[in-house]
2 protein chains.
Amino acid sequence: MSKGTVGGGGTTMLRRINVASVLDAVRRSAPAPLRVAELVERTGLARPTVAQAVDELLDAGWLQQHGPDSADRSLGRPAIRVSLRGRAAPVLGLDVGPHRVTVGVSDLAGRKLSLVRRSGPGWTAQELLGVISEVITEALAEAEVPAEDVAAAVAASPGIVDEHTGRVQLVPSVPGWSAIDLIKHVRGLLDCPVMLDNDANLAALAIAAARGGTGTLLAVQWGERLGAGIVIDGRLHRGTGAAGEIGFIATDTDDVINPEDSRGPLERAVGSEAIAALGRQAALDNPQSRLAELGGEQLDTADVFAAAAERDPVAQAVVQQVARAFARALAPAVLVLDPTAVVIGGGVARAGAVLLDAISDQLRLLTLNHPKLELSALAEDAVVTGAMRMALDEVWQRKLPTPAMTSTT
Amino acid sequence: MSKGTVGGGGTTMLRRINVASVLDAVRRSAPAPLRVAELVERTGLARPTVAQAVDELLDAGWLQQHGPDSADRSLGRPAIRVSLRGRAAPVLGLDVGPHRVTVGVSDLAGRKLSLVRRSGPGWTAQELLGVISEVITEALAEAEVPAEDVAAAVAASPGIVDEHTGRVQLVPSVPGWSAIDLIKHVRGLLDCPVMLDNDANLAALAIAAARGGTGTLLAVQWGERLGAGIVIDGRLHRGTGAAGEIGFIATDTDDVINPEDSRGPLERAVGSEAIAALGRQAALDNPQSRLAELGGEQLDTADVFAAAAERDPVAQAVVQQVARAFARALAPAVLVLDPTAVVIGGGVARAGAVLLDAISDQLRLLTLNHPKLELSALAEDAVVTGAMRMALDEVWQRKLPTPAMTSTT
DNA sequence: GTATTTACGAACGCTCGCTATCTATACTGG
DNA sequence: CCAGTATAGATAGCGAGCGTTCGTAAATAC
């Protein structure tokens, strides 16, 4: 149990291994249905073994049977084809922010069944719990999934999350907010394993899953706050629990980490609010620039990047400054991690190529191996998608007795 | 093979799993011998199964049988006790530097059988190969291990190593030196899998193994050059292949990465040579300081730390400067990785508490979770030890069909 | 010297997967 | 319209391995 003994056992264990092997093979090719013959080939098992496993999985509701595909007309008796029955164990992802609640429901194969978003003006903690209930029931209804069927749920929370206790540090976004209450609340609604994780971590998981395969991913969430998730070969790297907190990296002029202030030096320097402030100052200093024209009094972060895209030198200088500070802060992390790719998401990512190119140029000077630098394709859905992904991983890990078996042959 | 299909198979596979399970249980308790009853308890298998597996492993030479321990006199018939027969598959570690060659031989249980070091004044590449042959044969003789018995060998090389091709970048220590030749040479001597890896990586592996257990370790090798190895839950993190190259982190005053210069900014700032240079300059500026007294003309890195330990303010200022630069460079990496511990090894680590405390103070200001900061206990043997460790891991991974089986029960 | 405790060893029954064979189904070609 | 063929599914026999149970050996305690 607690000891990490290598499992072993009798023939029933063997049976379970083989059933899991078949199930895993089906999962890997999802959503494409598979013929039994293909399963035989992929698992290396004998046909009767596979057939028996398929029967068992059909009975248990994990697989569903397809009729012969009329499009694929080949010689001989048509094969029955099976695929994952996603409804067997749907999962739920939850992204709670101070102004927005998003809930997604996904089936086992990773197909999105529903996605419900609700925005509002700063709820209180009490109101927020009510909104969460509503959105969850709405999402479940849209997906046509009864609440008791949900096999796992993951909630995203900003701040540093202890994955076991659910305790959260450094998150004063909503007054009176407690992630522990959130967990309790959701547990009351769903009666299934409910987990909590950092939003940057979950976004990273989603992006890594979208990119597929192996390698090291550093996924930066760049908005008012700055965080990053690290995914190594599909697994999240948590460190002691606070890995990826790049917002607290010191800049050349600011290295103060204050427990009272939830923001770190880099966030103060290049967070979206800081970018807007830099833009406003630049507009004041250069009243006849395109930047001042575009933004006016209420100059926004987006205005800075828009003006820079129009080649306004004043805005471009601001972008350069931001990119330089960001690259200098990130370079040590890139040197140490040596990631395959660095993906930038969050609100600032909407800036697009203007910012990306500037960062890329700066980063190239400061690193050895230059990772691919990209913008997140998932936009604002990254966090929910990642939450669903993690719930999915949890379900699969519970279901498959052998997660990895390095075939020596 | 190439596909990562979950293994499965017939009863022979089951047998192999159970045998491996028993072997693994013995390995975990090494070097303490185990009674069969204990194996039954730890593996969860039935006694006949364990007995059969033990017989098989004894025949194959993986286990050895102990007589009943006269010290442990308890009631009843004395139990047969078995332990790993280390000589079954000894491994070899090799650390090649420009001025020193070290070879270690270890048995399966991790016991060091022999360790042979040879130093010399800058050999040529050709001479070096000859020296390597001599030291290897000497180490094998001392360990009483025939060359053909060696099950795996790992060689350490400075620079960035591609773990598959064995190609090495950025290592001009020995003119005409090629790690590919090294691999070929060792393969010619040993006829077993020969692998190559970065010396900082291997040192990290050794330190992680010595500390034991899980967590994230950042092991810094600090000498003339600066490198680090990252070990996460016992596995080395390589990134694209150049992970841990902290020597190239920019400092506040220097951010030039030049392909011609094998040293990076941080190495130029706080490498042992740079520390000595700072010390010499400080001594010149303050001729009547303890530092100037101690070091004289040929002032060394060690002199700086010695003077600082004697509370010479001039030397202390130099140490402060070095610690500050190092901490500022490392802080972003610590924030991103959030390691359980940071261990410093290499020549500069001999400075001891003077440097460590200074770094700790600086790092505390710049990070959120403060990892344990320690000096490597392994001193100069870290790299060879790590090489043996990696060879050991390779052998075990080949032997055990199921490396990790998350017991769901 | 006997009783007790502990561990080893062997026989039996059970489950499981693999090989081989037979049956079912649909397309092809005369 | 009917045989031929190719593919897939179903079934029996065999072998291998594990687990349970019982008997036996070896040491200590009284």
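The values are calculated or read from the model by the stated rules, or taken from the named source; none is laboratory data. Only a predicted model underlies this, so the values are computations on that prediction, with no experimental measurement involved. Backbone-built Cβ (ideal geometry, glycine too); neighbour counts: all protein chains shown.
Some points to look at:
- Test result for A:Val336, away from chain B (no Cβ under 14 Å), crowded, with 19+ Cβ neighbours inside 10 Å and assigned to a helix (DSSP H, G or I): no
- Cβ-Cβ under 6 Å pairs, at least 6 apart or on other chains, region B:73-95 side away from DNA strand C (no atom under 16 Å from the Cβ), far side part of a strand (DSSP E or B) and of a type outside the set (A, V, I, L, M, F, W, C): B:Arg85/B:Gln64; B:Val91/B:Ser106; B:Gly93/B:Gly104; B:Asp95/B:Thr102
- Of all residues in region B:110-134, those that are surrounded by 17 or more Cβ atoms within 10 Å (Cβ to Cβ), modelled with pLDDT under 90 and either touching a Gly at 6+ places or on another chain (Cβ under 6 Å) or under 30 Å from B:Ala30 (Cβ atoms) (or both) total 1.
- Some residue of region B:202-211 being at pLDDT below 90 and of a type outside the set (S, T, N, Q): no
- Residues being at pLDDT 95 or above and more than 12 Å from every other protein chain (Cβ to nearest Cβ) - total across region B:339-354: 2
- The set of residues from region A:302-356 being of a type in the set (D, E, K, R) and without any contact (Cβ under 8 Å) to a residue 60 or more places away in the chain comprises A:Asp303, A:Glu310, A:Arg311, A:Asp312, A:Arg324, A:Arg350.
- One residue from A:Ala89, A:Ala79 being over 30 Å from B:Ser29 (Cβ atoms), of a type in the set (Gly, Ala, Ser) and modelled with pLDDT of 85 or more: A:Ala89
- Total residues in region A:200-242, condition closer than 25 Å to A:Asp149 by Cα and not small (Gly, Ala, Ser): 2
- If only residues of region A:205-249 that are more than 10 Å from chain B (Cβ to nearest Cβ) and part of a helix (DSSP H, G or I) are counted, the one that is nearest to A:Ala302 (Cα to Cα) is A:Ile207.
- Odd one out for A:Arg311, checked against (1) modelled with pLDDT under 90; (2) not in a helix (DSSP H, G or I): (1)
- Per-region count, region B:1-18, residues of a type in the set (Val, Ile, Thr) and either at pLDDT 50 or above or within 16 Å of DNA strand D (Cβ to nearest atom) (or both): 3
- Screening the candidates A:Asp55, A:Asp24 for the property of being within 16 Å of DNA strand C (Cβ to nearest atom), charged (D, E, K, R) and more than 14 Å from chain B (Cβ to nearest Cβ) yields one hit, A:Asp55.
- Of the residues making up region B:198-221, those that are small (Gly, Ala, Ser) and crowded, with 24+ Cβ neighbours inside 10 Å number 6.
- Restricting region A:34-63 to residues that are basic (Lys, Arg) and in contact with a Lys or Arg (Cβ under 9 Å, 6 or more places away or on another chain), the residue that is nearest to DNA strand D (Cβ to nearest atom) is A:Arg35.
- Evaluated against (1) in contact (Cβ under 8 Å) with a residue 12 or more places away in the chain; (2) assigned to a helix (DSSP H, G or I); (3) away from chain A (no Cβ under 14 Å), B:Gln281 falls short on exactly one condition, (1).
- Yes/no for B:Ala323 being part of a helix (DSSP H, G or I) and away from chain A (no Cβ under 11 Å): yes
- Yes/no for A:Arg47 being basic (Lys, Arg) and touching a helix residue (DSSP H, G or I) at 6+ places or on another chain (Cβ under 6 Å): yes
- Residue check, B:Asp393 within 25 Å of A:Ile257 (Cβ to Cβ) and either assigned to a helix (DSSP H, G or I) or within 14 Å of chain A (Cβ to nearest Cβ) (or both): no
- Test: residue in region A:290-304 that is surrounded by fewer than 22 Cβ atoms within 10 Å (Cβ to Cβ) and within 25 Å of the chain's Cα centre (by Cα): yes
- Number of the exception - A:Arg268 against (1) in contact with a helix residue (DSSP H, G or I) (Cβ under 9 Å, 6 or more places away or on another chain); (2) surrounded by fewer than 20 Cβ atoms within 10 Å (Cβ to Cβ); (3) in a loop (DSSP other than H, G, I, E, B): (3)
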